[in-house]
Amino acid sequence: MRKPIGLQQFLDGPWLGRDAVLADLDGCLLSGDTVLPDVPELFARCADRLWIVSNNSSDTAPTLSTRLAGLGLALSSDRILLAGEMTLRALAAAQPGARVALYVNPPLQELARDLGLQPDRDQPQSVVLGRDTALSFADIARIAELADAGLSIYLTNPDTSHPGADGTPQPETGAIWAAITAIVPQARMTSLGKPAPDLPREALRRAGVTPGAAVFIGDTEATDGAAAMAAGVEFVRLIRPGETPALPLKTGVHTC
């Protein structure tokens, strides 16, 4: 397993010649609303070869593109692949007009309606669970009830946390799911988010490149790395904000 490197090391390495550079978002490009060091150079040098491939379940591609523009990073929404948005689009294609108990933030609620899905927490046919920052105790109880009844649960992503602005872990969708499975151990879910390969495969399809002609940068082996491997794309792990790279031991120095 390759040791994690800084983004500048990536930029100075052999990877920028690839036809597509897939990049995670939180902990890789941004930390909260802070642009991480050397990210503007990545955007400038990769230009239209850069693709964001993220488990983000708070934004849609247009809202994230707008948010990035406000931070000085220009990226077209058609080069942004997000787990929450992809989950809703896949569900709308498979079950047009379905009644769905939506536990997601407002941008995804609006997208669901635009896609023809019917928000319905009383008599839903399925459940979509994302990073709903307005989630209440009553909501958790209702999701558990629906899971216990055997409804299909679509989890936008299984991450339990993502790094905040100072690197402190912030709760993610997987943490909510952990609470549900603590209540209903037999509950099962489906997820297109990383470590599943759906997001990087869709990026490759849109880019029109083969896996061998791309590289994936991210901050987590278990999600980004696993998704890249499953899609056949080389993975480079970047050092997270606040993470200190391990130093090689000096000759003659022993540890215990």
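The values are calculated or read from the model by the stated rules, or taken from the named source; none is laboratory data. Because the structure is a prediction, the values reported are computed rather than measured. No Cβ is skipped: glycine too gets one built from the backbone with ideal geometry, and neighbour counts run over all protein chains shown. For accessibility, only protein heavy atoms count, side chains too; no ligands or nucleic acids. Shrake-Rupley method; radii C 1.70, N 1.55, O 1.52, S 1.80 Å.
Ranked by solvent-accessible area (1.4 Å probe, protein heavy atoms only, all chains present), the residues Arg99, Arg45 order from largest to smallest as Arg45, Arg99.
When Rg and the Kirkwood Rh are both derived from Cα coordinates, the Rg/Rh ratio for the chain amounts to 1.00. For the chain, the solvent-accessible area works out to 46 Å² per residue, with a probe of 1.4 Å and every protein chain left in place.
Considering only alpha-carbon pairs that sit under 8 angstrom and 6 or more positions apart, the relative contact order computed for the stretch 89-133 is 49 percent.
For the chain, which whole percent of the accessible surface, found with a 1.4 angstrom probe, sits on carbon and sulfur atoms? Of all accessible area on the chain, carbon and sulfur atoms account for 54 percent. Taking amide H as placed 1.01 Å from N in the peptide plane, the amide H of Ala23 sits under 5 Å from that of Trp51, Ile52, Val53, Ile217, each at least 5 places away or on another chain.
The C-alpha atoms of the chain define a longest principal axis, and helix 198-207 lies at about 70 degrees to it. The loop-placed trypsin sites (Lys or Arg not before Pro) in the stretch 168-237, going by DSSP, that have at most 13 neighbouring Cβ atoms within 10 Å of their Cβ come out as Arg188.
Figure legend: label point modelled 7 angstrom from the Cα of Gln186 along Cα→Cβ; residues of the stretch 140-179 with amide N under 11 Å from it are 148-150. With axes computed from alpha carbons, what is the tilt in degrees of helix 173-183 against the longest principal axis of the chain, rounded to the nearest 10 within 0 to 90? The helix 173-183 is inclined about 50 degrees to the chain.
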